[in-house]
Amino acid sequence: MRILAVDHGEKNIGLALSDPSGTIAGPFKVIKHISRLVDAAQVASLAAENDAALIVIGQSFDEEGKPNLAGRRAAKFAEALKEQTQISIILWDESFSTQDARAARIEMGVSRKQRAGHMDELAAVMILRSYLDANGPKVE
């Protein structure tokens, strides 16, 4: 079962896609934010084109465990996406996904200059990896 992960940002939306067995997370694509409805239509279309059976949307929380502003935006995006597709959608705690992505790039030896910029795609991979690690491989 393929899984599509979404790192929903204000400017960009990072996407990661699992392999068909649902065990390996890989970077997929970054799309530019246009509007919630257009973004949801693009993600729904990409999920369908790539035979995703589940969409995992990263959601961030504050210190009290409540969705912060970005987390509330992710939840609204999830609602808009539910209107566009029959594919199952879940929200997943994305705490530290961007920091983890940055640390991974440092660990890979990527230079500071090359690390500059957006981490959306790699953050989506971290969200997907977190989900896969917590839920194990899916058997069809």
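The values are calculated or read from the model by the stated rules, or taken from the named source; none is laboratory data. Computed from a predicted structure; not experimentally measured. As a convention, Cβ positions derive from the backbone with ideal geometry for all residues, glycine included, and neighbour counts pool all protein chains shown.
Among the conditions (1) crowded, with 20+ Cβ neighbours inside 10 Å; (2) small (Gly, Ala, Ser); (3) within 19 Å of Asp93 (Cα to Cα), the only one that Gly26 does not satisfy is (1).
A quick yes/no check of all residues on (1) touching a Leu at 6+ places or on another chain (Cβ under 6 Å); (2) farther than 17 Å from Phe77 by Cα:
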{"position": "Met1", "(1), (2)": "no, yes"}
{"position": "Ser35", "(1), (2)": "no, no"}
{"position": "Ser45", "(1), (2)": "no, no"}
{"position": "Gln59", "(1), (2)": "yes, no"}
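The numbered conditions (1) acidic (Asp, Glu); (2) crowded, with 17+ Cβ neighbours inside 10 Å; (3) at pLDDT 90 or above are all true for Glu94 except (3). Against the numbered list (1) at pLDDT below 95; (2) buried (at least 17 other Cβ atoms within 10 Å of the Cβ), Ala52 comes up short only at (1). Among residues of segment 74-88 that are surrounded by 12 or more Cβ atoms within 10 Å (Cβ to Cβ), those with a Cβ under 9 angstrom from a residue that is among the hydroxyl-bearing types (Ser, Thr, Tyr) and modelled with pLDDT of 95 or more, sequence gap 6+ or separate chain, pair up as Gln84/Ser45; Thr85/Ser45.
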